[in-house]
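Novice: Attaching a single structure in structure tokens format; questions to follow.
The values are calculated or read from the model by the stated rules, or taken from the named source; none is laboratory data. What you see is a predicted model; the values in this text were computed from it and never measured. With ideal geometry, Cβ positions are generated from the backbone for all residues, glycine too; neighbour counts draw on all protein chains shown.
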Amino acid sequence: MSESLLINLSIIILFLPLAGFIKVVLFGKKFPKLYLLEVAIISIAFALSVFVMYSKLAYYNTKDIIGAFTWISTGNAPFSDVLNIELGIKIDNVTVIMLFVVNLISMLVHIYSIEYMRGDKRYTRYFSYLGIFTFSMLGIVLTHNLLMMYIFWELVGLSSYLLIGFWFEKKSAADAAKKAFIVNRIGDIGMFIGILILFTSYKTFTFDTIFAQIAAGNLPFGSSAWLTAAGILVFMGAVGKSAQFPLHVWLPDAMEGPTPVSALIHAATMVAAGVYLVTRIFVMLTADAMLVIAVVGAFTSLIAATIALTQNDIKKVLAYSTVSQLGYMIMSLGVGAYVFAFFHLVTHAFFKACLFLGSGSVIHSMHHEQDIRNMGGLKKKMPVTYWTFLISTIAISGVPLTSGFLSKDGILAGTLAFGKLTGHWLIPIIGFTVAALTAFYMFRLVILTFHGEPRDHHKFDHAHESPLVMIAPLAVLATLSIFIFYTPNPLSPDAGWFMSSWVKTPEQVTPVDTRFDFLKPSAENIHGGHHGEIVHSVLYTETMHWAHYPAMILSLVVAGLGILTAFMFYQWKKINVDKLIENKFTNALYRGSLNKWKIDEAYDATAINGTLQTGSGLSWFDQKIVDGAVNGSARLTRIVSKISGWFDTYAVDGFVNFTAFFSGFIGLSFRKLQTGKVQTYIVLVVFSVIILLLFFKPF
Amino acid sequence: MPSTINEYFQLMPFLIIGIGIILSVVIEISSKSSKEILPWFSIILFFATALYSITNISEHAVLFGGMVEVGGKPAIFNFIFNLGAMLVVMSSIGYLKKYGTYFGEYYILIQSSVLGMMVMAGSKDILMIFLGLELMSICFYVLAGINRNKLGANEAAMKYFLLGSFTTGFIVYGIALIYGTTGTTSIQNLIDNFGEYSSNIIFVTGLILFLIGFSFKIAAVPFHMWVPDVYQGSATTVTGLMSTTGKTAAFSVLIIMLTSIFTLNSANIFKPYFSAIAVLSMFFGSIVAISQNNLKRMLAYSSISHAGYMAVGLAAANSYSISGIIFYLAAYAFMNIGAFSVISIIEGENDSRTDINVYAGLNSKNPVLAAFMALFMFALAGIPPMAGFFGKYYVFVGAIESNLTWLAILGVISSMISVYFYLRVIVFMYFKDAEENFEIEVAPYSLSSVVISGVLVLMFGLFPDMLLRLITAVVSL
Amino acid sequence: MKIDLILFFLLAGIAVVTSILVITRRNAIISAVFLVLNFFALAGLYLLLNAQFISVVQIIVYAGAIMVLFLFVLMLLRTDNESPILSDKRPLKYFAILISVFVFVQIAYLLFAGKPSRNITPDEAASINSGTIQAIGKELYTNYIIPFEVAGFLLLAATIGALVLAKKKFE
Amino acid sequence: MSSVPMEYYLILSAFMFIVGVTGVLIRRNAIVVFMCIELMLNSANLSLVTFSSYLGNPIGQIFVFFVMTVAAAEAAVGLAIIIAIFRNKLTVNIDEINIFKW
């Protein structure tokens, strides 16, 4: 069991799905049964990842294994620094656990899809897309540097584009894919700039080297503000991928993809990539950056939870619930509860995958009906789906004896401690509110779907339990939502192996004055304990202890309240929902929530419309201003009035319309000169000569 | 200084092409089947020269009394020119029949233009630059209009010719002013005494006029006007050659003339100039390309914006950004030639089928072509790990190194805009149903040109160090 | 006033007048003839500048060969007289003239401000020596042998190009 | 030669250059436009010869020699292009040659 074996195995795990992808792409048409090979390959990758995880945790528990080689070396380059770019993989405990989670869920989704996608005309291609997607995600998990992270990041974006738009004949699916890709690119700009800041300062992409440099007091451009900026900019990538406000809009739309894809993308992989990225850069986040992250996460979780309350599409509810839970994790990282964030990432991956696959099972048996208002009473028809769905719902609601309770409780305790230490009480308040909302809307979903009387008898009569290949993954995932896999004590994760020995908060590298000081080891426990083991101040540890029980009790209370309300509303019908929303105030809230607070519409009105107007503005210039400048001043006046009219119509709301105006301006100045006549071209050249000569002469 | 026979042997790349041209003329005159022989002959010539150049990169020497330079930077440029021309010739074999100009002179003109480029890249004297430029340009004028029965080709040739010779006037006038203040046309003298000269306004004006001429050749805004018209009107393979190797040659001259600046011996007085044309070209090219429906015209605007990214490197003007430009040029050459090869395969007779809606549903018609086109589009958009990404990356890092962070940021923004129209092609190929039915005849040579370009693009993207190591080793010679 | 100053002004006057006539005559053939005159005036100026070889080449190559080619093509195509030059696209043309004048002012200012003659001490003997056929020929076939070869390829390419464009039979 | 200041020649050259530029900008006949380009080249030649003569070295004159070579080559190709376009369109008016735009 040598380290190099682990490295090699990880590389094999990484490339196995890619090999499957290539085979299917090349030979898929000739051998339609090849998808079985893809399933087999991913199962092998899973088996290997179990082995790697076991060996790592058992034999190298405290050691990070790094395998790297120099990819680009500018050797004897004549500029000041020698540049070496390394590629490589880093295997620490977080990596192997993620490896396990990603491979497990990917494998289950593969198996599940065999039945779910049967009969699709691009059946084998679907499996090849799953393969390339898994490959990209494993790349993100394994990389030890920002460059590979960025490359695989883009690959994930690309392959998610293919998967979300898999049914591209549907316009909505193609649009959703495009939206996901473009929205993600917006986040990636920030990430790219952040990486560039770090790279120009440290001449390397490798995480550990960067962190070591920061720890040595070497800040980017000598200022902690730049470090904050770099942290926030890289975090922007996570905002895109993990669907945080304001870039969360792509995720609900992405439900247009096949349901197993939603399970894969939105439970364990793509969206988790953002959280994973933040855990990777966690140690270099300054206090300001962390506060930004916490606020973004909290706000996202709140806004998504409120939207989820009223959605009627089964997948939309789950989508907003995902956004909300991701906000939770991000918030948790922001308040410094690193371990619980990662813990929640793992537990959430299992129960959310189970929920998505369960909803897929329902949709499948209901012949692609997704509206929960047309469901009901499915409990009898689909017992396995129901029970697994229920267990996962209990888990996500944070009821004791489930994994969700453990991780959620930890996060809430973290926010409570954060509130006490910094005075930002709003964050724990949001945390508990969201916990209550989550319990409510998840039980609303369960009750409307499975309980009560069937509301669409025609579809209900055809409903049936799904075949074994679909319910077996559900059972596995539901089982993994039980506390016993994580800790022997169902009320406290602290005693469990996950918390006590597998994942530990890494030690911060940022300078003391840029950090929440309670997260740094204070003087007394550096002397008392072993340096490197204890990473928090005594104050923080004590506060966490203080927060533990209040958080647990409070979370139990709010979860109970949420569940109770859900039952009151939908099961026992004690409160009439329709009556409730007739009230003017509640109706406004209801409409707002149902319409997702009009965020999409706002983007449509600004960003998308602006871009469209750019295009039409340009074509307008084509048609109207061909000989504009040459035909005298009357024409010019008209143009000016048209421009000002155009300006009034389109260029008033916000930044993106400014871009439209700007490109329109360029169109006015240059594009009209592209008249096809040589002499106008030459006039421009000579005019430029004048400008240049004026500029360069010391007159 | 008498030249020895040894010096002639060191001129091997020039000799191969030069003797090749003469032999080609002989073949063309004497053989009836010259149009079958000449493409293969050209491919062999170009391949031999490319191979010779890249293997003799370390044999750096200045020959004939400071007239020609071999090895070093010129060797890398020769590699790009010859390999690019080889790929263009490969894709021409099938294309010319469709285009109606199936004759041997075409290949002789391509050889001559490559000789011109090599002279430009290897010149150590302004006179050589001038002659190389004219040799290249005259061949391009003819190649643009080689099918004289097509009005579009006529127009492209005439516009290119009038604007090209107009800027030649500027270049000569600029050279006259440079000569008047320095008393010589030697570039080495220029490099050594640049700081002293750059306080002389007549010298600066001369250099400005000279730079304007070459800004025209690299297709930078505001000297870009000829580009869309000429690229659209010329034969597709010729456009592939002009837009890649022609641009590379013009950049090689700019790099030679400004050597003194980027080796940091003298202040970068042209930083504002190059920053301005960089910003203008990047944004103008990207924005106008969005509204284009003809693929050749779209790639013309894309070529303008790429000139802008490369000009960022000239504005930065340190060794890092210059190696970045050279890398970028190599990457750009192969991805653009690849894209134009695909276009030349799809294109029908009489210049038909160059609009973007022809590409709808290409994936179902010919998945291999669609996959390669997607690869080239991703590479042009600068999405990692394709070669285009590293080109931009090195240039931008060079800009940051020279405290031009704002320029790098604008570059990143502009490349984000440009993703839109490259992605549009991919969307058409993969997510739209075919509008018209037509048979795609894929000539095997054209396809091999596409495949080789694709492999090179991927290789430069995955292992940029291979090429970059060569470039950084010679960039300050 | 010395004789060469008088000669200069005479030839310069011819050059200025003929160059303006080239761009203002509506008949292209008349323009071409004035251009030939202009080239003759330039040849005279070259002689004044002790550039005997270039002066002769100017007459033989430029005025004799290139301009004859122009006239030949003009007569072959028999294009109509242009309508008065400023009759259409007037704003553009006024603008063009304006910016041309502006560029001229700039260059003239530059020449006066930069005073290139400041750094140059004329040497009559060296000047006479450097303009002879002997001096230029020697340079051309020793130091400038490579450019000379390149020029050969240039002419070859131009010949082939002109043949392709004007003569080649298309199937 | 020495009694004529060098700047006189240079101003004359600049003037002819600008006249050439103006001609290129305002004339419609492609052949005349091309003739104006020749005028520009000639004025640049005048500058080169002036500098060469006053500096007393032959480089400028050698340059002029090559510029003439290039001009001849350009004339051959350019006139061939113009003839080709005339055959198809029966005009050499450059304003009418604009099928490609925007």
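Novice: For segment A:152-175, enumerate the residues that are among the polar types (S, T, N, Q), touching a residue at least 60 places away in the same chain (Cβ under 8 Å) and in contact with a Ser or Thr (Cβ under 9 Å, 6 or more places away or on another chain).
Specialist: Scanning segment A:152-175 gives a single hit, A:Ser160.
Novice: Still on this structure, please answer the following. Is segment B:157-177 home to any residue that is surrounded by 24 or more Cβ atoms within 10 Å (Cβ to Cβ), within 10 Å of chain C (Cβ to nearest Cβ), farther than 24 Å from D:Glu7 by Cα and within 20 Å of the chain's Cα centre (by Cα)?
Specialist: yes
Novice: Please go through segment A:453-485 and pick out each residue that is assigned to a loop (DSSP other than H, G, I, E, B), surrounded by 15 or more Cβ atoms within 10 Å (Cβ to Cβ) and under 34 Å from the mean Cα position of the chain (by Cα).
Specialist: Pass one, segment A:453-485, residues assigned to a loop (DSSP other than H, G, I, E, B): A:453-456, A:463-467, A:480-481.
From the residues that got through so far, the ones that are surrounded by 15 or more Cβ atoms within 10 Å (Cβ to Cβ) too are A:454-456, A:463, A:465-466, A:480-481.
If the condition is that a residue be assigned to a loop (DSSP other than H, G, I, E, B), surrounded by 15 or more Cβ atoms within 10 Å (Cβ to Cβ) and under 34 Å from the mean Cα position of the chain (by Cα), then A:Ala463, A:Glu465, A:Ser466, A:Leu480, A:Ser481 are the ones that fit.
Novice: Tally time: how many residues in segment A:240-255 are of a type in the set (D, E, K, R) and under 20 Å from A:His368 (Cα atoms)?
Specialist: Looking only at that region, the number is 1.
Novice: Checking A:Ser159 against (1) in a helix (DSSP H, G or I); (2) within 12 Å of another protein chain (Cβ to nearest Cβ); (3) at pLDDT 80 or above, which single condition isn't satisfied?
Specialist: Just one mismatch for A:Ser159, condition (2).
Novice: Take the residues in segment B:189-202 that are away from chain D (no Cβ under 14 Å) and closer than 13 Å to B:Ser260 by Cβ, then tell me which one is nearest to the chain's Cα centre (by Cα).
Specialist: My answer is B:Ile191.
Novice: Can you tell me which residue among B:Leu51, B:Leu11 is out of contact with any helix residue (DSSP H, G or I) (no Cβ under 6 Å at 6 or more places or on another chain) and over 24 Å from B:Leu254 (Cβ atoms)?
Specialist: None of the other options fit; the residue is B:Leu51.
Novice: Another question, if that's okay. Whether any residue in segment D:56-64 is out of contact with any Ser or Thr (no Cβ under 7 Å at 6 or more places or on another chain), crowded, with 23+ Cβ neighbours inside 10 Å and closer than 28 Å to C:Val150 by Cα is what I want to check.
Specialist: As a first pass, look at segment D:56-64 and keep what is out of contact with any Ser or Thr (no Cβ under 7 Å at 6 or more places or on another chain): D:62, D:64.
Remaining after also requiring crowded, with 23+ Cβ neighbours inside 10 Å: D:62, D:64.
After this cut, where a residue has to be closer than 28 Å to C:Val150 by Cα as well, the list is D:62, D:64.
Within segment D:56-64 (the criterion being out of contact with any Ser or Thr (no Cβ under 7 Å at 6 or more places or on another chain), crowded, with 23+ Cβ neighbours inside 10 Å and closer than 28 Å to C:Val150 by Cα), the answer is yes, since at least one residue qualifies.
Novice: Sticking with this structure for a sec: Hey, which of the helices (runs of 4 or more DSSP H) in segment A:242-329, taking only ones fully inside, have at least 1 residues that are out of contact with any Ser or Thr (no Cβ under 9 Å at 6 or more places or on another chain) and among the β-branched types (Val, Ile, Thr)?
Specialist: A:270-281, A:287-308
One line per residue, one yes/no per condition, for (1) more than 10 Å from chain A (Cβ to nearest Cβ); (2) within 23 Å of B:Phe340 (Cα to Cα); (3) buried (at least 20 other Cβ atoms within 10 Å of the Cβ); (4) under 21 Å from the mean Cα position of the chain (by Cα):
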site: B:Asn437; (1), (2), (3), (4): yes, yes, no, no
site: B:Ile440; (1), (2), (3), (4): yes, yes, no, no
site: B:Ala443; (1), (2), (3), (4): yes, yes, no, no
site: B:Ile452; (1), (2), (3), (4): yes, yes, no, yes
site: B:Asp465; (1), (2), (3), (4): no, no, no, no
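Novice: Given the structure, is A:Gly336 crowded, with 24+ Cβ neighbours inside 10 Å, part of a loop (DSSP other than H, G, I, E, B) and of a type outside the set (A, V, I, L, M)?
Specialist: yes
Novice: Turning to a different aspect of this structure: Looking only at segment B:144-156, filter to residues that are of a type in the set (A, V, I, L, M, F, W, C) and facing another protein chain (nearest Cβ under 8 Å); which one of those is surrounded by the most Cβ atoms within 10 Å (Cβ to Cβ)? Can you show your working first?
Specialist: From segment B:144-156, those of a type in the set (A, V, I, L, M, F, W, C) are B:144, B:146, B:151, B:153, B:156; that's our starting set.
This time we only want the ones that are facing another protein chain (nearest Cβ under 8 Å), so: B:146, B:151, B:156.
On the way: B:Ile146: 26, B:Leu151: 16, B:Ala156: 28.
Out of the qualifying residues, it is B:Ala156.
Condition check ((1) within 30 Å of B:Val253 (Cβ to Cβ); (2) part of a helix (DSSP H, G or I)) across all residues:
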| position | (1), (2) |
| --- | --- |
| B:Ser364 | no, yes |
| B:Pro385 | no, no |
| B:Phe390 | yes, yes |
| B:Trp406 | yes, yes |
| B:Phe428 | no, yes |
| B:Glu435 | no, no |
| B:Tyr445 | no, yes |
| B:Ser476 | yes, no |
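Novice: Before we move on, is C:Lys93 more than 8 Å from every other protein chain (Cβ to nearest Cβ), in a helix (DSSP H, G or I) and not small (Gly, Ala, Ser)?
Specialist: no
Novice: Is one or more of the residues making up segment A:369-382 assigned to a helix (DSSP H, G or I) and within 26 Å of the chain's Cα centre (by Cα)?
Specialist: Filtering segment A:369-382 for residues assigned to a helix (DSSP H, G or I) gives A:372-374, A:378-381.
Remaining after also requiring within 26 Å of the chain's Cα centre (by Cα): A:372.
Within segment A:369-382, one or more residues are assigned to a helix (DSSP H, G or I) and within 26 Å of the chain's Cα centre (by Cα).
Novice: From the residues in segment A:118-162 that are more than 21 Å from A:Arg185 (Cβ to Cβ) and of a type in the set (A, V, I, L, M), which one is surrounded by the fewest Cβ atoms within 10 Å (Cβ to Cβ)? Walk me through it before giving the result.
Specialist: In the first step, residues of segment A:118-162 are kept if they are more than 21 Å from A:Arg185 (Cβ to Cβ); the result is A:118-128, A:130-131, A:134, A:138, A:141-142, A:144-145.
Filter once more, keeping what is of a type in the set (A, V, I, L, M): A:130, A:138, A:141-142.
On the way: A:Leu130: 31, A:Leu138: 27, A:Val141: 29, A:Leu142: 24.
Among residues in segment A:118-162 that are more than 21 Å from A:Arg185 (Cβ to Cβ) and of a type in the set (A, V, I, L, M), the one surrounded by the fewest Cβ atoms within 10 Å (Cβ to Cβ) is A:Leu142.
Novice: Pick out the one residue from D:Ile62, D:Ile18 that is part of a helix (DSSP H, G or I), within 7 Å of chain C (Cβ to nearest Cβ) and closer than 29 Å to A:Leu684 by Cβ.
Specialist: Only one candidate qualifies: D:Ile18.
Novice: Next up: Looking at segment D:21-37, which of its residues are more than 7 Å from chain C (Cβ to nearest Cβ) and farther than 16 Å from C:Ala96 by Cα? Break it down stepwise before answering.
Specialist: In the first step, residues of segment D:21-37 are kept if they are more than 7 Å from chain C (Cβ to nearest Cβ); the result is D:24, D:30, D:33-34, D:37.
Of everything in segment D:21-37, those that are more than 7 Å from chain C (Cβ to nearest Cβ) and farther than 16 Å from C:Ala96 by Cα turn out to be D:Ala30, D:Phe34.
Novice: So, in segment C:5-26, exactly how many residues are more than 7 Å from every other protein chain (Cβ to nearest Cβ) and in contact with a Ser or Thr (Cβ under 9 Å, 6 or more places away or on another chain)? Steps first, answer last, please.
Specialist: Step one: of segment C:5-26, the residues more than 7 Å from every other protein chain (Cβ to nearest Cβ) are C:6-7, C:9-11, C:13-14, C:17-18, C:21, C:24-26.
If we keep only those that are in contact with a Ser or Thr (Cβ under 9 Å, 6 or more places away or on another chain) too, we end up with C:21, C:24-26.
Residues meeting the conditions: 4.
Novice: Testing A:Ala47 on (1) modelled with pLDDT of 80 or more; (2) of a type in the set (Gly, Ala, Ser); (3) surrounded by 18 or more Cβ atoms within 10 Å (Cβ to Cβ), one condition comes back false. Which one is that?
Specialist: Every listed condition holds for A:Ala47 apart from (3).
Novice: Next up: Whether any residue in segment B:209-224 is closer than 30 Å to B:Gly348 by Cα, among the aromatic types (Phe, Trp, Tyr), within 14 Å of chain A (Cβ to nearest Cβ) and in a helix (DSSP H, G or I) is what I want to check.
Specialist: no
Novice: Would you say A:Val183 is away from every other protein chain (no Cβ under 13 Å), surrounded by 18 or more Cβ atoms within 10 Å (Cβ to Cβ) and under 13 Å from the mean Cα position of the chain (by Cα)?
Specialist: No.
Novice: Sticking with this structure for a sec: Only one of (1) within 11 Å of D:Ile26 (Cα to Cα); (2) more than 7 Å from chain D (Cβ to nearest Cβ); (3) out of contact with any Lys or Arg (no Cβ under 8 Å at 6 or more places or on another chain) is not met by C:Gln58, so which one is it?
Specialist: Condition (1) is where C:Gln58 drops out.
Novice: Could I ask something else about it? Would you check if there is a residue in segment B:383-394 being more than 23 Å from the chain's Cα centre (by Cα), more than 9 Å from every other protein chain (Cβ to nearest Cβ) and surrounded by 23 or more Cβ atoms within 10 Å (Cβ to Cβ)?
Specialist: no
Each row is one residue, and each column tells you yes or no for (1) free of Cβ contacts under 8 Å to residues at least 12 places away in the same chain; (2) within 10 Å of chain D (Cβ to nearest Cβ); (3) over 14 Å from D:Leu46 (Cβ atoms).
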| site | (1), (2), (3) |
| --- | --- |
| C:Phe34 | no, yes, yes |
| C:Asn38 | no, yes, no |
| C:Leu45 | no, yes, no |
| C:Leu48 | no, yes, no |
| C:Ala63 | no, no, yes |
| C:Ile66 | yes, yes, yes |
